[in-house]
Structure formats: structure tokens, C-alpha cells
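Novice: First the structure, which I've put down as C-alpha cells, then a few questions once you've had a look.
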């Protein structure tokens, strides 16, 4: 039986789409079965509709109580039989119920070479701003396990990308993104096929 994937995304969901495409092409032997977004207007939910994948909008709008929202996310993933949870630009911290029920089975992609440029506030374009402000000549992306802190879980894989003279945060972000797609797909493939063990 193939592994069942659940996605959490807040915005465009391009990393999610890359993984879905790899599953459809049988490069990842897994089945996308649920997309959850905290943004009812996200590109990720539009992608779920186009791909005919079950989806839910779960946020502080649908569940003002954070504890109930946490339970709803965990229950939604469980009801779909999700084996592996993939964060794809999900901008909210996971609650303790979800973290406990899926402990050791939640992955995230981060657009820097962790542990550099991670933590609270280090997301999206802000990461690339920090990389340039520090004068780095090398950046990249990291796939890591998710725990109860920001960007501190066990690193599973990294890929490097050079910082070029004249780079702006926007140009660097645009150049790193395809490498994120490549790294995330490769890492999920290795997890699904047993080449990377999460326990």
C-alpha cells in the first residue's frame, strides 16, 4: 500500500504541486490525500481543486479556539489516513495534538541552509533578506523534521545554491525555489522508499 500524504500550505503551494506532480508521474510512490490551508483564498486550495484532492480550510476563522483548531487539523489528517505530513509554506505553528499524533512524520522545507537563518520570523522573502544582509556567498534549502520549535528538527537533506553578485532578495528567492522543489521531491521519495528513516 502506498504512503498517504497530507499537505499544509498557506499560499501558492508550488512545493506541494511539485510533489503532487512527482506522485502522478510515479517518481514518488505515494498518494496525495489531503490539503489543509489556513487561507481560504490560497493557491494551494486552488491546486487541490484542480488535482481533485480533498481539501479543508482550517484557521482561526473556522476555529477561533487554538486548541480546537489543533484538534481539527489532527482529526482531518487522521480521517484521511495520512502517513506523512508535508508543510509547504505553512505559516502557522502546529499545535501539540497534531505534533504528538504525527510525531516523527512531519516534514518542512526551509529556504536556507539550516541552522543558519531559521527560527521565528525567518520565512519567505525575509530569509533571503537575512542571507544577503549577512554577506553570504552560499545559500540553499533544507528539509527537516518538525518539532515544537521553529526550524530546529532533525535535518534530513540540504541543497546548496550560490549567492550571485547583484542578487536581490527577490532574485535569490526565485533562483532558490526550483532547488526547493527538487530537494523536497527527492527527500519525500527517499522517505517513502525507505532510504531515509524517520524513526
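The values are calculated or read from the model by the stated rules, or taken from the named source; none is laboratory data. Keep in mind the model is a prediction, meaning the values are calculated, not measured. Here the Cβ is made from the backbone with ideal geometry for all residues, glycine too, and neighbour counts use every protein chain on show.
Novice: State yes or no: is residue 32 under 20 Å from residue 149 (Cβ atoms) and either at pLDDT 95 or above or in contact with a strand residue (DSSP E or B) (Cβ under 6 Å, 6 or more places away or on another chain) (or both)? Spell out the reasoning first.
Specialist: Details: under 20 Å from residue 149 (Cβ atoms): no; either at pLDDT 95 or above or in contact with a strand residue (DSSP E or B) (Cβ under 6 Å, 6 or more places away or on another chain) (or both): yes.
So residue 32 does not fit the description; no.
Novice: Just checking, does the range 157-169 include any residue being over 18 Å from residue 16 (Cβ atoms) and under 15 Å from the mean Cα position of the chain (by Cα)?
Specialist: Yes, that holds for at least one residue.
Novice: Then there's this: Would you pick out the residues in the range 66-90 that are surrounded by fewer than 14 Cβ atoms within 10 Å (Cβ to Cβ) and touching a residue at least 60 places away in the same chain (Cβ under 8 Å)?
Specialist: 81
Novice: Of all residues in the range 148-158, which are touching a residue at least 40 places away in the same chain (Cβ under 8 Å) and out of contact with any helix residue (DSSP H, G or I) (no Cβ under 7 Å at 6 or more places or on another chain)?
Specialist: 150, 151, 153, 155, 158, listed by residue number.
Novice: Of the conditions (1) farther than 19 Å from residue 106 by Cβ; (2) in contact (Cβ under 8 Å) with a residue 40 or more places away in the chain; (3) assigned to a helix (DSSP H, G or I), residue 15 satisfies every one except a single condition; which number is it?
Specialist: (1)
Novice: Output the residues belonging to the range 159-199 that are touching a residue at least 40 places away in the same chain (Cβ under 8 Å) and closer than 14 Å to residue 113 by Cβ.
Specialist: Selection gives 160, 172, 176, 180, 183.
Novice: I've got another one for you. Being closer than 22 Å to residue 105 by Cα, in contact with a helix residue (DSSP H, G or I) (Cβ under 6 Å, 6 or more places away or on another chain) and surrounded by fewer than 19 Cβ atoms within 10 Å (Cβ to Cβ) is the filter here, so list the residues in the range 27-54 that pass it.
Specialist: 29
For (1) surrounded by 16 or more Cβ atoms within 10 Å (Cβ to Cβ); (2) in the same structural domain as residue 82 (by TED's automatic domain parsing); (3) not in a helix (DSSP H, G or I), each residue gets a yes or a no:
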| residue | (1), (2), (3) |
| --- | --- |
| 130 | yes, no, no |
| 165 | no, no, yes |
| 171 | no, no, no |
| 187 | yes, no, no |
| 190 | yes, no, no |
| 195 | no, no, yes |
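Novice: Consider the range 3-21. How many of its residues are within 16 Å of residue 83 (Cβ to Cβ), touching a helix residue (DSSP H, G or I) at 6+ places or on another chain (Cβ under 8 Å) and surrounded by fewer than 21 Cβ atoms within 10 Å (Cβ to Cβ)?
Specialist: Of the residues in that region, 1 qualify.
Novice: What single numbered condition from (1) out of contact with any helix residue (DSSP H, G or I) (no Cβ under 9 Å at 6 or more places or on another chain); (2) surrounded by fewer than 20 Cβ atoms within 10 Å (Cβ to Cβ) fails to hold for residue 24?
Specialist: (1)
Novice: Sticking with this structure for a sec: When you scan the range 99-128, how many residues do you find that are assigned to a helix (DSSP H, G or I), assigned by TED's automatic domain parsing to the domain that holds residue 173 and touching a strand residue (DSSP E or B) at 6+ places or on another chain (Cβ under 9 Å)?
Specialist: 2
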